[in-house]
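Step one of this worksheet: look at the structure below.
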Amino acid sequence: MHQMTIAQLAQGLREKAFSSTELTQHYLERIARLDPSYNSYISITEERALAEAKAADARLAAGEAPTLCGVPIAHKDIFCTDGVKTSCGSKMLDNFVPPYDATVVSNFKAAGAVSLGKTNMDEFAMGSTNESSFYGAVKNPWDTARVPGGSSGGSAAAVAALLAPGATATDTGGSIRQPASLCGVSGLKPTYGRVSRWGMIAFASSLDQGGPIARTAEDCAILLQAMASFDAKDSTCMDAPIDDYRAGLGQSLDGLRIGVPKEYFGEGLNQRVAELIQAALKQYEQLGATIKEITLPHNELAVPAYYVIAPAECSANLSRFDGVRYGHRCDAPKDLMDLYKRSRSEGFGEEVKRRILVGTYALSAGYYDAYYSKAQKVRRLIKQDFVNAFDEVDVIMGPTATAPAFKLGAMGKDPVAMYLEDIYTTATNLAGLPGMSIPCGFVDGLPVGLQLTGNYWREGQLLNIAHQYQLATDFHSQIAPALD
Ligand code: GLN
């Protein structure tokens, strides 16, 4: 059963080939047996999962159940779950049990999906390797000596290791697409405002967006259908019609105009990754698309602008963790200042502290204009590059990451080297556009992802473009050798 996609599982449940209880038990058994090798879960909610499966079975028996009814999934541990620890990968929230569900979580509950547990992640979603988690690094299922990518590395690894058929994730600067690329699975970051951020622990509010990770584009379509909703509780959530994503998957790519930014193929890109991207573009030509070289002249400024704006917003968002209201509190504080200082220095890890310091500096009165305000202007230019490009093309393609998964510990103590890994992904978030990563081949047995960036609110079109490629190729159905 674990080899099946969500689409197949949904059908199997409907045809009574197996029950949700059997399916859920099967996944729970696999997680207990295999996850010690990957560390992709922080919490496994066995009892709840079985209760939800039982309720789903009753709904399925009564007929009229939604597509996802009875399908097990996992939630990134950044989404608040009523009564279930939500740590955000941090010691700060190791004791935090939310009294409510994030909108995304309630949407999945309403759809009848079963939650297996909460997936591991970089602390407060800051990172590209998953090594900053308080709960230890996640291992890449294709090679456990390598990183799964981050920050949604737990979600990507769980799907790649067939420990969940799909999972929720979030993307602030690439955290859905980059781990999807490194783990050989499909991931979609929707347009900013498509998915509610309510109850999703904030890192950088103007960039954060939730989305799905699954093995296929079709499964991402099914998951996005449940995730996307207008939510009056999130003032940045867009009240726009939501397409029927799965129904839109049958469309021909004849005449599709693909833009390939020349800036994506510069120095720093692994040559064999570049060749796989070129091969994928050839495949798209065979499917009827035309390829056009385009330019995104400000792309090289995306990483510097992102690493001012994201830390600035994080420094404001994380000020709420003060040891007073919830989360970690130090022992026996002398006074209020001591409580703040020790709670925060004990509760946050190194990378989070680095970002808070950078962000506080960039927002301080003397440096605001030099850094924060400048970065916002650069952000506008980056967005304009995309607006210009979408006058000429329908979708932009290129690599998701510079190279396949690197070794655990390879980024060592060099945060800037890690930041530079985000060169192809951060611009999408700065512009608020939808983006996807889908498997497009292997380098030395390690998966490589093709990145697709679409115009605003065109996630339906992106999913179809990805789906057509997956109908013609089988990279997405490969499974890590250890799992055969
Ligand atoms: N790697 C980026 C960062 O560390 C992106 C993280 C994310 O998208 N959450 O900020």
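The values are calculated or read from the model by the stated rules, or taken from the named source; none is laboratory data. In this text the structure is predicted, and so the values were computed from the model without any measurement. Glycine also receives a Cβ, built like all others from the backbone with ideal geometry; neighbour counts cover every protein chain displayed.
In table form, for the structure just shown:
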| read-out | value |
| --- | --- |
| Test: residue in the range 46-61 that is touching a residue at least 60 places away in the same chain (Cβ under 8 Å) and part of a loop (DSSP other than H, G, I, E, B) | no |
| Pick from the range 49-84, criterion among the basic types (K, R) and closer than 24 Å to C220 by Cα, ranking: nearest to the chain's Cα centre (by Cα) | K76 |
| Residue check, K353 basic (K, R), assigned to a helix (DSSP H, G or I), surrounded by fewer than 17 Cβ atoms within 10 Å (Cβ to Cβ) and more than 22 Å from the chain's Cα centre (by Cα) | yes |
| Filtered residues of the range 85-111 (kept if over 25 Å from R194 (Cα atoms), of a type outside the set (A, V, I, L, M) and within 21 Å of the chain's Cα centre (by Cα)) | K85, S90 |
| Every residue from the range 360-380 that is assigned to a helix (DSSP H, G or I) and either over 12 Å from A305 (Cα atoms) or over 25 Å from the mean Cα position of the chain (by Cα) (or both) | T360, Y361, A362, L363, D369, A370, Y371, Y372, S373, K374, K377 |
| Test: residue in the range 294-309 that is among the hydroxyl-bearing types (S, T, Y), part of a helix (DSSP H, G or I) and closer than 30 Å to T86 by Cα | yes |
| Test: residue in the range 287-299 that is at pLDDT 95 or above, within 24 Å of I465 (Cβ to Cβ) and of a type in the set (D, E, K, R) | yes |
| Failed criterion for S345 (all others in (1) assigned to a helix (DSSP H, G or I); (2) surrounded by 12 or more Cβ atoms within 10 Å (Cβ to Cβ); (3) among the hydroxyl-bearing types (S, T, Y) hold) | (2) |
| Residue that is farthest from the ligand (Cβ to nearest atom) [pool: residues in the range 350-392 that are within 17 Å of E300 (Cα to Cα) and small (G, A, S)] | A389 |
| Positions within the range 338-361 being touching a residue at least 60 places away in the same chain (Cβ under 8 Å) and aliphatic (A, V, I, L, M), in sequence order | V352 |
| Those residues of the range 256-279 which are surrounded by fewer than 19 Cβ atoms within 10 Å (Cβ to Cβ), part of a helix (DSSP H, G or I) and of a type in the set (A, V, I, L, M, F, W, C), in sequence order | F265, A274, A279 |
| Selected residue [within 24 Å of T425 (Cα to Cα) and within 16 Å of the ligand (Cβ to nearest atom)] from A310, A279, A289 | A310 |
| Every pair of residues 6+ apart whose Cβ atoms lie under 7 Å, when the first sits in the range 269-287 and is of a type in the set (D, E) while the second is not in a helix (DSSP H, G or I) | E285/I291 |
| Among the residues listed as G89, G112, the single one being under 17 Å from I6 (Cβ atoms) and in a loop (DSSP other than H, G, I, E, B) | G112 |
| Complete set of residues in the range 437-459 that are within 22 Å of T191 (Cβ to Cβ), crowded, with 21+ Cβ neighbours inside 10 Å and either at pLDDT below 95 or not β-branched (V, I, T) (or both) | S437, G449, L450, Q451, L452, G454, E459 |
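Rundown of residues vs (1) in a helix (DSSP H, G or I); (2) within 21 Å of the chain's Cα centre (by Cα), yes/no style:
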residue: I382; (1), (2): yes, no
residue: D385; (1), (2): yes, no
residue: A410; (1), (2): no, no
residue: V416; (1), (2): yes, no
residue: D422; (1), (2): no, yes
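Yes/no matrix, rows are residues, columns are (1) surrounded by 21 or more Cβ atoms within 10 Å (Cβ to Cβ); (2) small (G, A, S):
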residue: A65; (1), (2): no, yes
residue: A74; (1), (2): yes, yes
residue: T86; (1), (2): yes, no
residue: M92; (1), (2): yes, no
residue: A102; (1), (2): yes, yes
residue: V105; (1), (2): yes, no
residue: K109; (1), (2): no, no
residue: A125; (1), (2): yes, yes
residue: G150; (1), (2): yes, yes
